[in-house]
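Structure record follows, encoded as structure tokens.
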Amino acid sequence: MKSYKNKKVKNEYLTINKAILSNTNHPLHDCLFKYADLLNYKIFIMCLHQATKVIISMKKQGLALNKGSFKLDTFYSRKNFLCNSYISKNEILGGILRIEKTTNTDFNAFFNEINLDEDGKNINFEISDLYMKELSKKSFYKVDLADLKPLKSIRALKLALIILSTKSGYKALNYLINVLEIDTYKKNGEPKKRTNIIKDIKIAFNNLNHVIFYVYQAPKNQHEAIKEGDFKFHYETLEQMQKAEEKRVEAENAKYDEVSNAWDELNKALEIEPEQDFDKLFNVDDLTFDSVDNEVKKAITENQHEYFDFDDC
């Protein structure tokens, strides 16, 4: 019998259409971030992920269908990213029911319908024409589900979908306030200070410190001129930074090799080997003092050093 105890689980990636995620005016963009509670949002993302996989797989087989099904057991596989603790079947069904109730609305324009079959083993779905149109395109981002699994904040999860997809870039403060649903007013109705709003966003970023580096750029005070890039969160994944560093080292090594090869070619042209003895290069007995003096003069002149005539000393 084969043992799978130490078998490495292959990472699974969430596929997100580039147009939906990058274009903030796309009708499906806001739908991707509508949820306000973590568990139901993860169930929605998981359903969207599995439905997308099924449609793309059928498309590769030449089947242009917008409906299919996937197993409920998918939510319990080792590759799922719901959370580290056990999620009950009722919680999953509740999440699916919530998706079903919001189909064909501005809240959820990805699915026309989604439900559990009579046996309770498979989830049937039909995706919308709008989402089907985007899936016909071949431009996608991919996010490792393993990077999403440890996240316990819905804001961090939404932010991770954006950042881990695009790898590097920036997002405006007002955009993040909207997507992350940051409260701009206190409970008593008074407006929050900008510094407190930025602090709330930074908390979400700090939850991703294991995979990203970020900085918020803004004028230091009201007297400082506003620069390009101000009032934006600039970010880059650690993976992207590592790749950039590897490219830099590779470029430096290539430059070193180029210089080294140039020296080797020069030595070859002069037919001088580093290990050769000086006596093998010149026959001293064949040279007179004058010829040596001339040779020295010539060498010094060519190297642009000041020359003193031995006779003047």
For the stretch 176-239, alpha-carbon Rg over 2.2 N^0.38 Å: 1.27
Potential lengthening between Lys202 and Tyr13 on full extension [0.36 nm per residue; Cα-Cα distance subtracted]: 65.4 nm
What length, rounded to one decimal in nm, is gained on full extension from Glu190 through to Glu265, with 0.36 nm per residue of separation minus their alpha-carbon distance? 19.5 nm
Once each part is reduced to its C-alpha centroid, what is the distance from the stretch 224-260 to the stretch 151-171 in angstrom? 21 Å
Solution diffusion estimate, µm²/s, Stokes-Einstein, the stretch 138-266, Kirkwood Rh from C-alpha pairs, 10 °C, viscosity 1.306 mPa s: 91 µm²/s
Could you work out how much longer the chain between Asp183 and Met241 gets when fully extended? Use 0.36 nm per residue separation minus the Cα distance between them, nm to one decimal. 17.7 nm
Using a Förster distance of 41 Å, the FRET efficiency for Asp144-His223 (Cβ separation, nearest 0.05): 0.40
Assuming R0 = 25 Å, what is the FRET efficiency of Met58 and Asp30, from their Cβ-Cβ distance, to the nearest 0.05? 0.35
For a test of the definition: using alpha carbon positions, the gyration tensor, and the 1.5 limit on a/c, classify the stretch 77-219 as rounded, prolate or oblate. prolate
Inter-label distance for Lys167 and Asn23, nm, one decimal - labels placed 7 Å from Cα along Cα-to-Cβ: 2.3 nm
Give the ranking of His29, His223 by solvent-accessible surface, highest area first, calculated with a 1.4 Å probe. His223, His29
When Lys and Arg each count +1 and Asp and Glu each count -1, what net charge do the other residues less than 12 Å away from Ala251, Cβ to Cβ, add up to? -3
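The values are calculated or read from the model by the stated rules, or taken from the named source; none is laboratory data. Just so it is clear, the model here is predicted, and its values are computed rather than measured. So basically every Cβ, Gly included, is an ideal-geometry build from the backbone, and we count neighbours across all protein chains shown. The area values use the complete protein model at the heavy-atom level, side chains included, leaving out ligands, DNA and RNA. Shrake-Rupley method; radii C 1.70, N 1.55, O 1.52, S 1.80 Å.
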